[in-house]
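The values are calculated or read from the model by the stated rules, or taken from the named source; none is laboratory data. Just so we're clear, the structure is a prediction, and the values are computed from it rather than from any experiment. When we count neighbours, we look across all protein chains shown, and the Cβ atoms used for this are built from the backbone with ideal geometry, even at glycine. The accessibility values were calculated without ligands, DNA or RNA, using every heavy atom of the protein model including side chains. Shrake-Rupley method; radii C 1.70, N 1.55, O 1.52, S 1.80 Å.
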Amino acid sequence: MFQFAIYNSPKTLEEAYSTLVENKNNLILGGTSFLRMGNRKYNTAIDLCNLNLSYIKEENDCFHIGAMTSFRDVETNLALKEYYSGMVGKSLENILGVQFRNNATVGGTVFSKLGFSDFIPVLLSLNTTVVFYKGGEISLKEYLLEEKNRKDILIEIKIKKEFMKCSFQTVRKTTTDYAILNLVLSKTIEDNYKLVLGATPKRALIAEKTSELLNKLKKDKFDRIISEEEFEDIFKILFQEIEFQTNMRGTEEYRKLISKSMLKKALKEVL
Ligand SMILES: Cc1cc2nc3c(=O)[nH]c(=O)nc-3n(C[C@H](O)[C@H](O)[C@H](O)COP(=O)(O)OP(=O)(O)OC[C@H]3O[C@@H](n4cnc5c(N)ncnc54)[C@H](O)[C@@H]3O)c2cc1C
């Protein structure tokens, strides 16, 4: 279990931020579910619970989801269910139990960039930005490419409202286990495809070249049916641009193999 010497629940974001940067061993608390798995000793723990960061706001052009919003609130939000084929909520349904999802936060998840995350690849397949207190707003894609952890507070994420067809595919040994592979396919009404792979087991990535090829194949074809030869070209590109690796949950070969049927299933769903 992690430990800290001082508990602090600031009344303003400025107070939270100045406490965070005053000592490199100070930290922000989300739902603490991941922090509790470690044994590190910290100086001051900064609880954001008094900063009204638990919300899902729907505006004309985007959804704002506050950093302290629980997975359960996202999963059960009715407005979000109307968008993106309902996959934002669906991607959270298999993460342990309701009790756990009432506690795990959007901020703790996105900030941590965990490779096995189910939520991050879904957000990456949409037009998502992350908003930091000092660092401002950047795309989730750019944020995930940053190697170093920021000393900043994630305030909220923003998802652009778009009518899209989406498919979230996940393979796990048992329902509540970590994913062996996550694959997300989104398609805009202009027929633009975006393919994202997660739990490879590395951090989620957009398969840019494969998405381009899918766009080309789908737009050029009247019947929109991809042949087996074309699928072989798609997988060749996919395996060149995305590094699948082996870990205790699955081998590189197994991940590659299941990605084929996952992509075919996803394509059927978004047609
Ligand atoms: C046993 C277990 C099983 C899990 N299984 C899955 C799974 O199958 N699929 C899946 O997708 N996820 C899974 N997760 C991950 C989980 O869903 C959460 O993503 C994770 O626990 C982090 O959420 P939290 O709110 O508890 O963060 P915390 O543990 O509180 O924080 C995590 C990190 O983020 C930092 N942080 C938190 N909030 C902020 C903020 N607003 N600004 C800046 N930094 C911040 C903290 O300082 C810490 O470094 C699992 C986690 C556990 C513990």
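A few comments on the model shown:
- Each Lys and Arg Cβ is given +1 and each Asp and Glu Cβ -1; about its Cα centre, region 156-271 then shows a dipole of about 440 debye.
- Averaging Cα coordinates gives a centre for region 191-220 and one for region 42-70; these two points are 30 Å apart.
- Placing a label point 7 Å from the Cα of Tyr55 along the Cα-to-Cβ direction, the residues of region 158-177 with a backbone N closer than 18 Å are 158-161.
- For Leu217, the solvent-accessible surface with a 1.4 Å probe is about 30 Å², rounded to the nearest 10.
- Annotation note: trypsin sites (Lys or Arg not before Pro) in region 192-271 located in DSSP loop regions with a Cβ neighbour count of at most 12 within 10 Å are Lys221, Arg224.
- Rounded accessible area of Asp61 (nearest 10 Å², 1.4 Å probe): 90 Å²
- Highest-MSF residue in the chain out of Glu137, Glu208, Glu228 [GNM, Cα springs under 10 Å]: Glu228
- Ranked from largest to smallest solvent-accessible area, with a 1.4 Å probe on the protein heavy atoms, Ile6, Ile226 come out as Ile6, Ile226.
- Solvent exposure, largest accessible area first (probe 1.4 Å, DNA, RNA and ligands not counted), of Cys49, Cys62: Cys49, Cys62
- Shape of region 3-126, Cα gyration tensor, a/c cut at 1.5: prolate
- By a 1.4 Å probe calculation restricted to protein chains, Phe4 has an accessible surface near 80 Å², given to the nearest 10.
- Of Lys173/Lys265; Lys41/Lys134; Lys81/Lys218; Lys151/Lys202; Lys24/Lys151; Lys161/Lys194, those spanning more than 20 Å from alpha-carbon to alpha-carbon: Lys41/Lys134; Lys81/Lys218; Lys151/Lys202
- A simple charge model with +1 on the Cβ of Lys and Arg, -1 on the Cβ of Asp and Glu and nothing else charged puts the dipole of the chain at about 600 debye relative to its Cα centre.
- Accessible area ranking (1.4 Å probe, heavy atoms, ligands and nucleic acids excluded), largest first, for Tyr17, Tyr7: Tyr7, Tyr17.
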